[in-house]
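Trainee: Below you'll find the structure I mean.
The values are calculated or read from the model by the stated rules, or taken from the named source; none is laboratory data. Keep in mind that this is a model prediction, so the values were computed, not measured. A quick note on method: Cβ atoms are made from the backbone with ideal geometry, for glycine too, and the neighbour counts reach across all protein chains shown.
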Amino acid sequence: MSLFKIDDLSIDGAVERFSLDLNASDTVVLLGEAGCGKGAVMRLLAGFPADVTNGTFQAGDGEARPAGRPLVATAYLPSAVAAPLSPHVSALSQLIRIVSRKLALPKSDAREAFERVLSRLEGAPPLSDLEPIARMLSRETLAWGLFTCAFAQAPKLLLADHALTGLAPTQARLLVRALLAEQRRQGFAILYAAMNTDVAGWLGAKVMVMRHGKVVEEGPIAALETNQTHAYSQTFFKAMSANVQAAPRAANRGQPVIQAYDVQTGRETKAGDGLTFELRRGASLALLGEEGSGRRALVRVLLGLEQPRSGRVVLDAVDVGILTEKMLLRLRRRVAVIAGADDVLDPRMTLWDTVSEPLRAHLKLPRDLVATYRDAALKRVGLASVPGDRAVATLSAFDKRRLQVARAIVSAPLLAVIDEPLRGLDAFAQSVMRDLLKNFRAQEGPAFLVVTSDFAVAQALCEDAMIVKGGKVIERGAIADLVKAPKEPQTKALIDASLGRLPESTKRV
Amino acid sequence: MVRFGLVETGRYAAALLGALLLAGLVQAAGAEGGFVHAAIVRLIALAHFDFGNSAMTGAPAWPEVLKRLPATFSLLGGGAAIALVLGLPLGLILSWGRALRAGAPLIQIVAAAPVFCAGLALLFLAHRANWDVSAKTGLGFWPSVFGGDVGGVARALTAFGLPALVVGAAGAATIQLAIRRAAKDAVREPYRETLRWMGLGAFEIDRRYIAPRVLAGLFANLGEVALSLFAATAVAEWVFGWPGAATLFIHSVALGDWDVAALVLLVFATLALTADFLGHMLARAMGDA
Amino acid sequence: MSLVFTAPPRRMGLRAILRVVGFAGLGAILVVVGLSNVLAYAPADAQNVGRALSPPSQVFPFGTDLFGRDVLSEVLHALAVTVGHATIAVVVTIVTGGILGFLAVRFPMRTGAVLRWIASVLGALPPLFLAILIIGLTSRGFAPEAAGLAAAPHAFLRAFDRARALARSRHAEFARATGIPVTTLMRRDLVYEIRDNFLSMAARSLAAVTITLATLSFFGFGASPPRRDLGLMIAAARESYFDAWWTAAFPALVLMLFILCARLAACLDEGEQP
């Protein structure tokens, strides 16, 4: 039975001739980059006025009315990454207030309804975990609260706006399971706005690919995965790991770049938990784990930014523990860092200054030579057309990410530390970044140390991996072997979270 | 919150200690003998709550300053009340973009006027209107208020009101700015929109989540508000001839009475630091409600 | 739509225009000061140029004062003194407050933290009190330097906190992780600070010290005759301005204009203390 129908919707400057026919329990994913129009559709359906120039809404068998207020009960589910709640007030109190407002219930009844839903969601945290002020909660806990709030509203239509973006893969999988379970229980339709195809695969949804306010292609995910007709759709599906080759083993491996001997970082570790490993030039290693597992603490110790609790680190044949800070700085000249965050580059610097700083600071090269290397690096990452005297602050997240790669290229590092390089990027940008990093590794040949919680990213960039939990390594080996036969539950959970995106995985929910 | 409180208390204590040290050094400036020796002697004396003696009268400095504080606090209290009455609504109104665009030039021009110019302008108006602006009359304002003497209040209104207005206007400028800045930060927070999409009303969001942030912003700037009030009080005392602590300070410096000058400085510094400390604590408590 | 709070309009374009207006105004004032001896009808402190306390007229556009001095000429000369003293004070503030504050973050052995503590204690006093104290300990001739030193604690705190935020920023950490020397980072921060904030810092200091200098002179701690500044002119007019408003109004208006130009040049918000 048709739940809700949108016919020929146009919103001034945002959406053109959008049509959608949703049945109860349907799941539709609006797929596209930022600014494609999916946000405008979501906001209109959430009840926000917009400059609607054309189109009608129809609820069930009712009359078609001019598009404006939604005609069915909706619940809006935002991304936990987008800071949807006031950070200074208890998350639980805000969520209960929303339920109370939407269902016109007293707060005590709304709290009961919220608690009831939360208690039946598998993997959800206890209610007390939602009591603290919102900024003290992890993204995943907040996401559970947001999902529960949406379910408790008993909607007919759930509007999920990038609701799973930026979450740890294992938690994201649990949330997807909870979402589907609630959909079966309550029978609501789901309209999901996404920048990547992963979610569509998890939800088994129908996909509508949007660009510049128009739907360019649509169809079931199973069909679109293997056969896209529109060139734009192809870029999205190309980014799916099923089409991505695993990183080839490096033919030659040079001298050891990092050697760790019985290194312990966290207080949770005990004697015997020390890490011993070696990373050679040209080789690659992924540190896989959830947020808070201790991967970054390990990297900081390996680079000499922090002292280990015990053990010894040798970086480029020099014992890091005996060096002064000044000597460590000199040693770290051969280290490049590429991070999936927008604030690691100085926003005041220009593109040119950002890329040429390692050359000027470390090598004292003449200006024209610096300019040559700089321009070559910018060209390789596709930023040659951007004016070089533009400030970093004016660049998009994708451009900043590429700029980091250009800076890494000119520094000709022995070791490249790559921290969640694809975080926050849409599918197209992720595809480009992946290629750039692989090209960087192939051409410059540094050792790659990749920090990620995504097995697909690890497989695309590295040959070997160590699974980190509680500050210690619980499993290690070649990625291909780990994927085939994971021993630890944590490893299995991380692989499951990348379900549908690894060449070996064929399972769908 | 506990950790924040401990850190802030530590900072406050350190600042108070610094103020005490400053007072000791100033007192040592006027003492005979070597400066270092005099400074140590004065600091030890201060630690025993011995604030020295007035070089002019020979009497202990503390009662001299204490005698003058009521006049200063009287002006400060009136000024603070006017600052709140003027500054709070002004800050809220000017948080509205159109109002700000309309009112900005006028506020910018008024803010460019030094406090003593504003005081002289009011004195001129009072002279033309034949109002009594003597300090003696003005000092009777608060006793009349607390004593329920309506006639006394009416008589003291202009004599008290004009200098208090000078102080209040300076404080109001700082208050409205603190509110505007806090409002500007708060309204741009992403949750303001997201909560609306999730089903809360705009007024409800502003009342429950934005207004406390704005108030917290005001409290966070309490130290600055206090400083602007103190500076304006000093000028108002001088312009309107009030026998307050600020006037005592100016006379003490002119006559080299360093014990008294140092004590006045200590009082003002303590008040400003206390206002700053309390403001930060309140802001934190409100901000994380 | 909220009835109470709306996002204020993005005013970057307007602020930039006002900034230019402010600097243009300061430039014009500098020109006037440079030509004050030419523009003024009479030399400084020339008495009995006209009838005492005569109102503004064609001959004396700003009227005359109690001693028959041309108020316009006196205002021009006093403006030159005010601008001169303010310039000295601004240099003192920038060196002892702004630059020292910015560099102090990287001083060894927590020296920066100690300096910040001292600045925060001194900053708890109104700058006027601090200036009076310094003059009392030195002399009236030290008034410009005293005004500069009195404004220095606040300038120090602003610069120090800004530098500390930069030193602790993620991009600074990123640079350290890739071996960029501390001196390079310091140089980078200083260059950008000067490029982005120097003029604003100077204009802001100018507004602050001008108010302090004028108030000091009004209290009798600043400039002394015959080299009168605007504050002293206004103080001298206290005896006569009830009946001859022009003796105080014009110096006050010119003083306000100078401060307003400095405020606009510094992009100070409406009601912000400099």
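Trainee: Select from the range A:418-432 the residues that are within 23 Å of A:G282 (Cβ to Cβ) and under 13 Å from the mean Cα position of the chain (by Cα) and list them in ascending order.
Mentor: A:D419, A:E420, A:P421, A:L422
Trainee: Give the residues of the range A:300-321 that are away from every other protein chain (no Cβ under 14 Å), under 17 Å from A:Q264 (Cα atoms) and not acidic (D, E), sorted by residue number.
Mentor: Within the range A:300-321, A:Q307, A:P308, A:R309, A:S310, A:G311, A:R312, A:V313, A:V314, A:G321 meet the criteria.
Trainee: Which residue out of B:A59, B:A13, B:A81 is at pLDDT below 90 and surrounded by fewer than 21 Cβ atoms within 10 Å (Cβ to Cβ)?
Mentor: Among B:A59, B:A13, B:A81, only B:A59 is at pLDDT below 90 and surrounded by fewer than 21 Cβ atoms within 10 Å (Cβ to Cβ).
Trainee: Turning to a different aspect of this structure: Mind listing whichever residues of the range B:257-289 are more than 7 Å from every other protein chain (Cβ to nearest Cβ), touching a residue at least 60 places away in the same chain (Cβ under 8 Å), surrounded by fewer than 24 Cβ atoms within 10 Å (Cβ to Cβ) and among the small types (G, A, S)?
Mentor: Hits for the range B:257-289 are B:G279, B:A283, B:A285.
Every residue, every condition in (1) surrounded by 24 or more Cβ atoms within 10 Å (Cβ to Cβ); (2) in contact (Cβ under 8 Å) with a residue 24 or more places away in the chain; (3) within 30 Å of C:C267 (Cβ to Cβ); (4) more than 8 Å from chain B (Cβ to nearest Cβ), yes or no:
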site	(1), (2), (3), (4)
C:A208	yes, yes, yes, yes
C:I211	yes, yes, yes, no
C:S217	yes, yes, yes, yes
C:S224	no, yes, no, yes
C:A235	no, no, no, yes
C:E239	no, yes, no, yes
C:F242	no, no, no, no
C:W246	no, yes, no, yes
C:A249	no, no, yes, yes
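Trainee: Related question: A:D26 versus (1) in contact with a helix residue (DSSP H, G or I) (Cβ under 7 Å, 6 or more places away or on another chain); (2) crowded, with 17+ Cβ neighbours inside 10 Å; (3) touching a residue at least 60 places away in the same chain (Cβ under 8 Å): which is the lone unmet condition?
Mentor: Going through the list (1) in contact with a helix residue (DSSP H, G or I) (Cβ under 7 Å, 6 or more places away or on another chain); (2) crowded, with 17+ Cβ neighbours inside 10 Å; (3) touching a residue at least 60 places away in the same chain (Cβ under 8 Å), A:D26 breaks only (1).
Trainee: All but one of (1) in contact (Cβ under 8 Å) with a residue 40 or more places away in the chain; (2) away from chain C (no Cβ under 12 Å); (3) not β-branched (V, I, T) hold for B:L123; state the number of the condition that does not hold.
Mentor: Condition (2) is where B:L123 drops out.
Trainee: Please pick out the residue among A:R43, A:R17 that is of a type in the set (K, R) and over 19 Å from A:E218 (Cβ atoms).
Mentor: Details: A:R17 fails: over 19 Å from A:E218 (Cβ atoms).
Exactly one residue qualifies, and that residue is A:R43.
Trainee: Another question, if that's okay. May I ask you to list pairs of residues, at least six apart or on different chains, whose Cβ atoms are under 6 Å apart, with the first in the range C:111-130 being more than 7 Å from every other protein chain (Cβ to nearest Cβ) and the second being in a loop (DSSP other than H, G, I, E, B)?
Mentor: Short answer, once both residue conditions are applied: C:G112/C:V105.
Trainee: Going through the range B:182-212 one residue at a time, which ones are touching a residue at least 40 places away in the same chain (Cβ under 8 Å) and more than 7 Å from every other protein chain (Cβ to nearest Cβ)?
Mentor: Within the range B:182-212, just B:P212 meets the criteria.
Trainee: So which residues in the range A:68-80 are more than 23 Å from A:R139 (Cα to Cα) and either surrounded by fewer than 24 Cβ atoms within 10 Å (Cβ to Cβ) or aromatic (F, W, Y) (or both), if there are any at all?
Mentor: A:G68, A:R69, A:P70, A:L71, A:V72, A:A73
Trainee: Here is a follow-up. Would you check if there is a residue in the range C:191-206 being in contact with a helix residue (DSSP H, G or I) (Cβ under 6 Å, 6 or more places away or on another chain) and either within 14 Å of chain B (Cβ to nearest Cβ) or not in a helix (DSSP H, G or I) (or both)?
Mentor: Taking every residue of the range C:191-206 in turn, at least one turns out to be in contact with a helix residue (DSSP H, G or I) (Cβ under 6 Å, 6 or more places away or on another chain) and either within 14 Å of chain B (Cβ to nearest Cβ) or not in a helix (DSSP H, G or I) (or both).
Trainee: Next question. Looking only at residues that are assigned to a helix (DSSP H, G or I) and aromatic (F, W, Y) in the range A:434-478, which one is farthest from A:A406 (Cα to Cα)?
Mentor: So the residue we want is A:F455.
Trainee: If you scan the range C:19-42, which residues turn out to be over 15 Å from the mean Cα position of the chain (by Cα) and among the β-branched types (V, I, T)?
Mentor: C:V20, C:V21, C:V31, C:V32, C:V33, C:V38
Trainee: Restricting attention to the range C:234-274, report how many residues are under 30 Å from C:V20 (Cβ atoms) and of a type outside the set (D, E).
Mentor: Counting residues in the range C:234-274 that are under 30 Å from C:V20 (Cβ atoms) and of a type outside the set (D, E) gives 24.
Trainee: Now a separate question. Any residue at all in the range A:337-347 that is without any contact (Cβ under 8 Å) to a residue 40 or more places away in the chain and in a helix (DSSP H, G or I)?
Mentor: No, every residue in the range A:337-347 fails to be without any contact (Cβ under 8 Å) to a residue 40 or more places away in the chain and in a helix (DSSP H, G or I).
Trainee: Checking the structure you have, find out if any residue of the range B:139-161 is surrounded by 17 or more Cβ atoms within 10 Å (Cβ to Cβ), among the aliphatic types (A, V, I, L, M), in contact (Cβ under 8 Å) with a residue 60 or more places away in the chain and within 11 Å of another protein chain (Cβ to nearest Cβ).
Mentor: No, every residue in the range B:139-161 fails to be surrounded by 17 or more Cβ atoms within 10 Å (Cβ to Cβ), among the aliphatic types (A, V, I, L, M), in contact (Cβ under 8 Å) with a residue 60 or more places away in the chain and within 11 Å of another protein chain (Cβ to nearest Cβ).
Trainee: Kindly indicate which of A:A406, A:A397 is on the phi < 0 side of the Ramachandran plot and either in contact with a helix residue (DSSP H, G or I) (Cβ under 6 Å, 6 or more places away or on another chain) or among the charged types (D, E, K, R) (or both).
Mentor: Of A:A406, A:A397, the one residue that is on the phi < 0 side of the Ramachandran plot and either in contact with a helix residue (DSSP H, G or I) (Cβ under 6 Å, 6 or more places away or on another chain) or among the charged types (D, E, K, R) (or both) is A:A406.
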